[in-house]
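Notes follow the structure.
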Amino acid sequence: MSNGKVFKDIADRYDRLNAILSLGQDQKWRNTVVSRLPEGRILDLGAGTGAANEILATRDLVALDPAPEMLSLNDADERVVAVAEALPFVDESFDAVFSAYVFRNLDSVDTTMAEVARVLRPGGMAGIIDLGRPVGKLKAKVHRAGTAVVLPIAGMTVGAREEYSYLHKTLDKHPPPQQLLADTPLTLVDTWRLGPMGFVWAALLQKSEVRS
């Protein structure tokens, strides 16, 4: 999850620009995932500045991020600086894990999912939301051409052209969630698409209720 440091210098502007780029829908998209997660202790994996804190307010929240610059702006009561590939928690610590717009920045999805499975209690759930390319070659081609222009320009407005050029490149990093999350210790319960042309994907996974 080392690439999370890419955005440390624009921490105070990151959420605002993301809201603009999502046409004000980023919180609504987060909520489609959070609303399907169980109550109780929840880990916000890659919590950043705390954009999801209001949505997670009814839960016992732990915010984790590799960038202390981001976490310094997060008002969660419990904040932890760490990477997703090495979670500093004992086994079966959480009822749920939530992660928004983080998986493209991971060093290893497989290692992260193994760690998520480890810290989840039996029957616990993980909800993930991230950006990618739309399904279908034509839609993906149009979207790729659009983000190649729009994201660097958007980044320039907050003095972060390089960071948002990087974001454009990460959209091609992973296959669709059905493939990306097919072979993990958790059961893939559901996936769905959001946003224009379906460039936002969400996934819900569950840990077996039977202890191994």
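The values are calculated or read from the model by the stated rules, or taken from the named source; none is laboratory data. Treat the numbers as computed from the prediction; the structure is a model and nothing was measured. Because the Cβ atoms are built from the backbone with ideal geometry, glycine has one as well, and the counts that use them run over all protein chains shown.
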Exception for VAL62 within (1) surrounded by 19 or more Cβ atoms within 10 Å (Cβ to Cβ); (2) of a type outside the set (Gly, Ala, Ser); (3) out of contact with any Asp or Glu (no Cβ under 6 Å at 6 or more places or on another chain) falls at (3)
Please tell me if ASP91 is among the charged types (D, E, K, R), touching a residue at least 24 places away in the same chain (Cβ under 8 Å) and assigned to a strand (DSSP E or B). no
Listed by first then second residue, the pairs whose first member lies in segment 48-76 and is in contact (Cβ under 8 Å) with a residue 60 or more places away in the chain and assigned to a helix (DSSP H, G or I), whose partner is β-branched (Val, Ile, Thr) and surrounded by 20 or more Cβ atoms within 10 Å (Cβ to Cβ), with beta carbons under 6 Å and at least 6 positions apart or on separate chains, are MET70/THR49
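Can you tell me which residue in segment 33-53 is farthest from VAL109 (Cα to Cα), limited to those that are more than 16 Å from the chain's Cα centre (by Cα) and of a type outside the set (Gly, Ala, Ser)?
The extreme case among them is GLU39.
Looking only at segment 84-117, which residues are within 16 Å of ILE129 (Cα to Cα) and aliphatic (A, V, I, L, M)? Spell out the reasoning first.
Let us first name the residues in segment 84-117 that are within 16 Å of ILE129 (Cα to Cα), namely 84, 96-106, 109, 112-113, 116.
Answer for segment 84-117, where residues must be within 16 Å of ILE129 (Cα to Cα) and aliphatic (A, V, I, L, M): ALA84, ALA96, VAL97, ALA100, VAL102, LEU106, VAL109, MET113, VAL116.
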Reported set for segment 34-61 where residues are of a type in the set (Val, Ile, Thr) and over 8 Å from ALA96 (Cβ atoms) is VAL34, THR49, ILE55, THR58
If you go through segment 84-103 one residue at a time, do you hit one that is crowded, with 22+ Cβ neighbours inside 10 Å and touching a His at 6+ places or on another chain (Cβ under 9 Å)? yes
- Would you check if there is a residue in segment 74-83 being within 19 Å of ASP130 (Cα to Cα) and modelled with pLDDT of 95 or more? yes
